[in-house]
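Notes follow the structure.
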Amino acid sequence: MLISNIGKLIDKSPYKNEYVMMYMEVSRNTLSNWRTGKAYPSVPKLYKLSRLLGVTVEDLYDYTEG
C-alpha cells in the first residue's frame, strides 16, 4: 500500500499551495488529491515535485505491504 507524504512535505516546505500548483501546472483539485492520496502524480510530475521540494521520489511515498 502506498501512503502519500506529499501533503506533509508541502506543509514543511516554504511554498504555498498556490505556488506549487503554478509550478506543477495542475489545478487546485489535482493538488488536493495528491496531498490526500486520492490520486497520484505521473512519473514526470513526481520527479518535478521532488526537485521542487528538495526530496527524493521515494520520500514522497511510504510503502507498506498488506
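The values are calculated or read from the model by the stated rules, or taken from the named source; none is laboratory data. Since the structure is predicted, the reported quantities are computational estimates derived from the model, not experimental observations. A quick note on method: Cβ atoms are made from the backbone with ideal geometry, for glycine too, and the neighbour counts reach across all protein chains shown. Heads up: the accessible areas ignore ligands, DNA and RNA and are worked out on the full protein's heavy atoms, side chains in. Shrake-Rupley method; radii C 1.70, N 1.55, O 1.52, S 1.80 Å.
For segment 49-62: of the residues being open to solvent by less than 50 Å² (accessible area, probe 1.4 Å) and not polar (S, T, N, Q), which is farthest from Ser4 (Cα to Cα)? Step by step, filter segment 49-62, then rank; the result is Leu52. For segment 1-41, the tally of residues that are open to solvent by 40 Å² or more (accessible area, probe 1.4 Å), under 17 Å from Thr56 (Cβ atoms) and not in a helix (DSSP H, G or I) stands at 3.
If you go through segment 15-48 and keep only what is without any contact (Cβ under 8 Å) to a residue 24 or more places away in the chain, of a type outside the set (S, T, N, Q) and more than 16 Å from Asn5 (Cβ to Cβ), you end up with Lys16, Glu18, Tyr19, Met21, Met22, Glu25, Val26, Arg28, Val43, Pro44.
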